[in-house]
């Protein structure tokens with residue numbers, strides 16, 4: 001079985017990490033994988049570093065449609081890992097007639113237009129990363145067939161990659177207690193302003209607290225201006241993309257996800273494996289990961305005061321924080337391993353090939 005995985009995204013976010021883990025996991029089932037992605041992007045570089053074969057893409061949709069269609073003659077299935085990749089693959093399928101699998105990772109409705117209709121009708125298997133995402137697709141597109149649900153995964157051995165010297169250095173660098181952080185793209189759906197506003201409430205009670213956001217995106221300047229405007233520059237830092245994000249998450253005393261939209265929230269899984277207590281908004285599939293007062297604290301979306309109350313609760317109730325992290329670790333290692341994800345995709349591929 002040979003799969004061409006397609007990801008035309010810029011940067012390296014949760015979806016790209018999931019793709020890499022899937023490719024590595026599928027190798028245990030004898031699946032040969034090749035990744036088609038934009039040349040010189042972080043995903044391309046990481047594939048080369050891991051000796052994963054690549055098909056370099058240009059970023060021009062028309063050019064890439066023909067490039068993928070030409071490459072497909074050597075593959076059984078193409079697997080699109082993002083919405084724009086889905087578009088490219090659907091048109092490539094029209095030229096090459098190969099089977100197409102698409103993984104939907106976001107929880108907002110697809111655009112209602114002729115292109116959306118075309119690409120979903122030309123997809124052989126639709127996979128959602130949570131039940132919530134599956135329901136959004138069913139309700140918005142009126143899909144008659146079944147949608148497979150395969151949860152995103154995390155590296156359950158992530159703790160073994162931690163450099164404790166680096167973790168201690170990060171803690172001393174920010175020199176605050178508690179150290180509260182997140183790892184997220186600086187994009188509208190992640191609602192970093194929600195965390196900025198919550199920080200204002202927390203700092204009234206804990207003025208030595210420090211807030212850290214690891215990630216990059218188009219809103220960086222706007223967010224920096226907002227931090228400065230609120231007088232929080234001494235306590236709230238945007239630190240950009242980090243290759244060793246696990247060390248930063250491990251350094252946090254509390255991990256916060258302030259999003260308005262989440263397909264699942266793969267960074268939540270990392271925090272759970274690393275035994276960092278979590279406060280998250282009730283955003284899409286995040287509620288399938290964070291069970292309130294069991295695996296973390298869940299608060300309403302777009303409510304900075306409630307987000308702050310959740311953070312303060314974990315600062316003040318160490319017994320609760322310890323109980324939540326222990327249950328979260330058990331839950332994530334049982335249900336969200338990379339092997340479990342790879343096995344489910346392998347079965348989807350196999351069933352699809354058996355049908356032809």
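Some observations on this one:
- Beta bridge orientation in region 158-335: antiparallel %, DSSP, nearest 5: 5
- Rounded to 10°, Cα long-axis angle of helix 304-316 versus longest principal axis of the chain: 70
- Shown here: Cα extents along the principal axes in Å, derived from the displayed model; of the candidates (i) 62, 38, 38; (ii) 63, 49, 48; (iii) 59, 46, 43, it corresponds to (i).
- Remark: 135, 334 ranked as 334, 135, counting other beta-carbon atoms within 10 Å and listing the fewest first.
- For residue 143 and residue 187, a Förster radius of 25 Å and the Cβ-Cβ distance give a FRET efficiency of 0.40, rounded to the nearest 0.05.
- For region 254-341, the relative contact order comes to 30 percent (Cα pairs under 8 Å, sequence separation of at least 6).
- Gyration tensor verdict on region 158-335 (Cα atoms; rounded if a/c is under 1.5, prolate if a/b is larger than b/c, oblate otherwise): rounded
- Calculated over region 121-182, the projected area of the Cα convex hull averaged across directions stands at 7.4 nm².
- Spacing of the two label points (7 Å from each Cα toward its C-beta) at residue 173 and residue 351, in nm: 4.5
- Highest-MSF residue in the chain out of 261, 29, 252 [GNM, Cα springs under 10 Å]: 29
- Two-site FRET efficiency, residue 50 against residue 292, from Cβ-Cβ distance with R₀ of 25 Å, rounded to 0.05: 0.10
- Shape class for region 174-215: oblate, because the ratio a/c of the largest to smallest gyration tensor axis (alpha-carbon atoms, square roots of eigenvalues) is 1.5 or more and b/c is at least a/b.
- The alpha carbon centroids of region 76-94 and region 12-61 are separated by 15 Å.
- When both region 159-220 and region 295-356 are represented by their alpha-carbon centers, they are found 19 Å apart.
Since every read-out is calculated from the coordinates, none of them should be taken as a lab result. Remember, predicted model here, so these are calculated numbers, not experimental data. Cβ atoms come from the backbone with ideal geometry, glycine included; neighbour counts cover every protein chain shown.
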